[in-house]
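The values are calculated or read from the model by the stated rules, or taken from the named source; none is laboratory data. Owing to the predicted nature of the structure, the values given are computational and were not obtained by experimental measurement. All Cβ positions, glycine included, derive from the backbone under ideal geometry; neighbour counts span all protein chains shown. Quick note on the areas: whole protein, heavy atoms, side chains included, nothing else; ligands and nucleic acids left out. Shrake-Rupley method; radii C 1.70, N 1.55, O 1.52, S 1.80 Å.
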Amino acid sequence: MNKTLKIGIIIIGLFLLVGIFAKHISPKNPVQQNLLERLQPPSSKHFFGTDELGRDVFSRVINSTMVSLSVGIISVSISVFLGTIVGLVAGYYGKKIDIILMRIVDIVLCFPTFFLILMVIAFLKPNIYNIMIVIGLTSWPGLARYVRAEVLSIREREYVLSAKLAGLGSSKIIFYHILPNVIVPVIINFTLGIGSAILIESALSFLGLGIQPPQPSWGNILASGKDYIHIAWWLSLFPGMAIFITVMGFNLVGEGLRQKFNIKEKKL
Amino acid sequence: MIRLLISRIIVLFITFIGITLITFFIVNISPGKPQDVYDMSAKISYEAKERLIKLYGLDKPIHIRYFDWLKRLFFLDFGNSFKDDKPVIKKILERLPATLLLNILSLGIIFVLGCLFGILASIYHGKIFDKIITIIIFLGYSLPKYWIAILCMVLFGIKLGWLPISGLRSVNYDYLLWYEKIFDIIKHLILPVIIASIGGLAGLTQYVRGNMLEQLNSEYVKFAKSKGTKSFRIIFFHMFRNVLIPVVTIIGLSLPELIGGGFIFETIFSYPGMGRLGYEAIMSRDYPLIMGIGTITAVLTLLGNFIADIVYVYVDPRIRYK
């Protein structure tokens, strides 16, 4: 295991632990207001200070961890599933199916993903499930294109041809003979995708279209911190750092895996 | 070459129709109607509401509305904004130059600095400079851009007071001399352009670095070295030329991300571009404006990719003569 991978895994592991045990670790109730202690700077009583309603920022940041992690993991599971299936089918069957699927990929790639997400979320109710689904449904085309290109070269290999000759069905060939050969890039895409999904979720929450208050999320803590930034820097610094470190953790794991399996950097 | 061009244009057209389909149906199938906004106001009578629905054709079946919309689209008629009844195309055209300016500048920075950092990192591979670049790449991928935007606003705008933090012009813009006007706009552009470039810059630097390193082991570089060619010449005239070809496509592909990012930081910087217009349109459910912006951004991306394709064919003789 290389150093990049190790550091990444440690970071993700720590955040996962914090997320899972958030209720036990957080010193205060994350939504408990205390107007007498508004906008207090970091101290031994409030590690990350307090916000404009006197809530403990440390507890709020800790309690947001699971929100971001679950949005990241579930939405990317959706997009990786879709992208892999579309790529496998388009690459293996070729011809008309390939042309149609790749046109769809091109069309979706033309939209700025964030605008598409913004558009859908604004019309649906902004809640955690819609965010997961929308991010998942909009971020698969890149992977589909990548998997397709890989499958195109794999399907001409001799072991695939001999499987065909042996009379194996298409779905068996796809899942038992082709998929294992593209699984590593797919896993790398999975970890890198989680990072960007967390960034998108936090940006949505920042714009008020993501996780709705009073439920804390890194993005909406930052959004409320923005109005007080000239007098209360801690409101913006800590949730931002949390996002940054988590995303970096996933990126490090992705990069570490890429180095380990010696996969060339491609536009995933 | 001409056959290639024609086939690309046909694909372009099909993609365009797909874009209009997606934009139209997302906006129209989603729950919540624009006339709902009027329900909140007690002042509007039932008859007035009906009149509005008729006026905007909201009572027609969805496929008829789509074809009506598509027909008008070819004459660049996106209808009028629900909000202030101005033609959508006029509203977009007002904002488009600012967005184009921002994006072209960012693309320029991404291209120049990305190539430069990538080359330097590959030359100093494994040394401290390379490590610094690698760390910067990671930061570029992992930092939430809007967060950096806010921190930069506080640091350079409020604490140090060096740069303006919102808009594209100062309040006293009209009273400035011509060179002061240019200087004023440049000052306003610095922060948005830098923030907009971060993501793309990281991606391109990583790409150029990786590919330059790969070229190092190739036969032609070894040959040039053994022939006694100067390293400067090998790097820029031999290796970089090979790396440059796919860069065109990568820059084309980074367009949607760049424009998409605009929706956040144009809003943060109150930058008078299409991104902020789009955000406001979405928040107020201004259907014609949302569809207009969706279509225009997608078409811009499409055109960007098309140009990238053509340039690619032009710079790569292997494709040109096929």
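Return yes when residue B:261 is assigned by TED's automatic domain parsing to the domain that holds residue B:169, in contact with a Lys or Arg (Cβ under 8 Å, 6 or more places away or on another chain) and not charged (D, E, K, R) and no when it is not. So that I can check it myself, show each step before the final result.
Numbers: assigned by TED's automatic domain parsing to the domain that holds residue B:169: yes; in contact with a Lys or Arg (Cβ under 8 Å, 6 or more places away or on another chain): yes; not charged (D, E, K, R): yes.
Here the answer is yes, as residue B:261 does meet what is asked.
Report yes if residue A:113 is of a type in the set (Ser, Thr, Tyr) and touching a Ser or Thr at 6+ places or on another chain (Cβ under 8 Å), otherwise no.
Considered against the rule, which asks whether it is of a type in the set (Ser, Thr, Tyr) and touching a Ser or Thr at 6+ places or on another chain (Cβ under 8 Å), residue A:113 comes out as yes.
Which count do you get for residues in region A:211-238 that are more than 9 Å from chain B (Cβ to nearest Cβ), surrounded by fewer than 24 Cβ atoms within 10 Å (Cβ to Cβ), part of a helix (DSSP H, G or I) and in contact with a helix residue (DSSP H, G or I) (Cβ under 6 Å, 6 or more places away or on another chain)?
2
Tell me yes or no: at least one residue of region A:103-112 is buried (at least 21 other Cβ atoms within 10 Å of the Cβ) and within 16 Å of the chain's Cα centre (by Cα).
no
Taking residue A:79 as the residue in question, decide whether it is under 21 Å from residue A:190 (Cβ atoms), open to solvent by less than 40 Å² (accessible area, probe 1.4 Å) and within 18 Å of the chain's Cα centre (by Cα).
The answer is yes for residue A:79.
Is one or more of the residues making up region B:75-87 in contact with an Asp or Glu (Cβ under 8 Å, 6 or more places away or on another chain) and surrounded by fewer than 19 Cβ atoms within 10 Å (Cβ to Cβ)?
In the first step, residues of region B:75-87 are kept if they are in contact with an Asp or Glu (Cβ under 8 Å, 6 or more places away or on another chain); the result is B:81-83, B:87.
So of that shortlist, the ones also surrounded by fewer than 19 Cβ atoms within 10 Å (Cβ to Cβ) come out as B:83, B:87.
Among the residues of region B:75-87, at least one is in contact with an Asp or Glu (Cβ under 8 Å, 6 or more places away or on another chain) and surrounded by fewer than 19 Cβ atoms within 10 Å (Cβ to Cβ), which makes the answer yes.
For residue A:241, all conditions in the list (1) under 21 Å from residue B:136 (Cα atoms); (2) aliphatic (A, V, I, L, M); (3) within 11 Å of chain B (Cβ to nearest Cβ); (4) open to solvent by less than 10 Å² (accessible area, probe 1.4 Å) hold save one; what is the number of the exception?
Residue A:241 satisfies every listed condition except (4).
When you check residue B:181 against the structure, is it away from chain A (no Cβ under 14 Å) and open to solvent by 70 Å² or more (accessible area, probe 1.4 Å), yes or no?
no
Between residues in region B:126-137 that are closer than 18 Å to residue B:216 by Cα and residues that are buried (at least 16 other Cβ atoms within 10 Å of the Cβ), which pairs lie under 6 Å by C-beta distance while being six or more apart or on different chains?
Close Cβ pairs satisfying both conditions: B:130/B:121.
Just for region A:21-36: of the residues that are aliphatic (A, V, I, L, M) and not in a loop (DSSP other than H, G, I, E, B), which one is most open to solvent (accessible area, probe 1.4 Å)?
Of all residues in region A:21-36, those aliphatic (A, V, I, L, M) come to A:22, A:25, A:31, A:35-36.
Next cut, not in a loop (DSSP other than H, G, I, E, B) only: A:22, A:25, A:35-36.
Working: A:22: 7, A:25: 78, A:35: 113, A:36: 163 Å².
The residue in question is A:36.
In this structure, does residue A:193 turn out to be in contact with a helix residue (DSSP H, G or I) (Cβ under 6 Å, 6 or more places away or on another chain), in a helix (DSSP H, G or I) and of a type outside the set (A, V, I, L, M, F, W, C)?
Taking the combined requirement at face value, the residue satisfies it.
Considering only residues that are open to solvent by less than 30 Å² (accessible area, probe 1.4 Å) and more than 10 Å from chain A (Cβ to nearest Cβ), look in region B:119-139 and name the one that is nearest to residue B:196 (Cα to Cα).
Only one residue fits best here, namely B:133.
Return the pairs, sorted by first residue and then second, in which the second residue is surrounded by fewer than 22 Cβ atoms within 10 Å (Cβ to Cβ) and among the hydroxyl-bearing types (Ser, Thr, Tyr), the first residue lies in region A:36-62 and is in contact (Cβ under 8 Å) with a residue 24 or more places away in the chain, the beta carbons are less than 7 Å apart, and the residues are 6+ apart or on different chains.
A:39/A:228; A:51/A:224; A:52/A:224; A:52/A:228; A:59/A:26; A:62/A:26
Would you please list the contacts, defined by Cβ atoms under 7 Å and residues six or more apart or on different chains, that run from a residue in region B:160-180 that is part of a loop (DSSP other than H, G, I, E, B) to a residue that is open to solvent by 60 Å² or more (accessible area, probe 1.4 Å)?
B:163/B:187; B:163/B:190; B:164/B:187
Where in region A:37-144 are there helices (runs of 4 or more DSSP H), lying fully within it, with 1 or more residues that are over 18 Å from residue A:207 (Cα atoms)?
Here the list reads A:57-93, A:95-110, A:128-138.
For region A:143-157, does any single residue satisfy the condition of being more than 23 Å from residue A:98 (Cα to Cα) and either at pLDDT 90 or above or surrounded by 15 or more Cβ atoms within 10 Å (Cβ to Cβ) (or both)?
If we filter region A:143-157 for residues that are more than 23 Å from residue A:98 (Cα to Cα), which is where we start, we get none.
No, there is no match, as no residue in region A:143-157 is more than 23 Å from residue A:98 (Cα to Cα) and either at pLDDT 90 or above or surrounded by 15 or more Cβ atoms within 10 Å (Cβ to Cβ) (or both).
Looking at region A:51-69, which of its residues are open to solvent by less than 30 Å² (accessible area, probe 1.4 Å), under 20 Å from residue A:211 (Cβ atoms) and out of contact with any Pro (no Cβ under 7 Å at 6 or more places or on another chain)?
Of all residues in region A:51-69, those open to solvent by less than 30 Å² (accessible area, probe 1.4 Å) come to A:51-52, A:54-57, A:59-62, A:64-65, A:67-69.
Then keep just the ones that are under 20 Å from residue A:211 (Cβ atoms); that gives A:51-52, A:55-57, A:59-62, A:64-65, A:67-69.
Residues satisfying the conditions are A:51, A:52, A:57, A:62, A:65, A:67, A:68, A:69.
On the basis of being assigned by TED's automatic domain parsing to the domain that holds residue B:236, within 22 Å of residue B:247 (Cα to Cα) and open to solvent by less than 30 Å² (accessible area, probe 1.4 Å), does residue B:150 make the cut?
In short, no.
From A:247, A:184, grab the single residue that is farther than 22 Å from residue A:42 by Cα, within 8 Å of another protein chain (Cβ to nearest Cβ) and either in contact with a Leu (Cβ under 8 Å, 6 or more places away or on another chain) or surrounded by fewer than 17 Cβ atoms within 10 Å (Cβ to Cβ) (or both).
When all the criteria are applied, what remains is A:247.
Please verify whether region B:195-205 includes one or more residues that are open to solvent by 40 Å² or more (accessible area, probe 1.4 Å) and either touching a Ser or Thr at 6+ places or on another chain (Cβ under 8 Å) or not assigned by TED's automatic domain parsing to the domain that holds residue B:254 (or both).
No, the conditions are met nowhere in region B:195-205.
Out of region B:242-263, which residues are among the β-branched types (Val, Ile, Thr) and surrounded by fewer than 24 Cβ atoms within 10 Å (Cβ to Cβ)?
B:243, B:245, B:247, B:248, B:249, B:250, B:251
What number of residues within region A:15-35 are in contact (Cβ under 8 Å) with a residue 24 or more places away in the chain and of a type outside the set (Lys, Arg)?
13
Of the residues that make up region B:253-263, is at least one over 20 Å from residue B:192 (Cα atoms) and in a helix (DSSP H, G or I)?
Scanning region B:253-263 turns up at least one residue that is over 20 Å from residue B:192 (Cα atoms) and in a helix (DSSP H, G or I).
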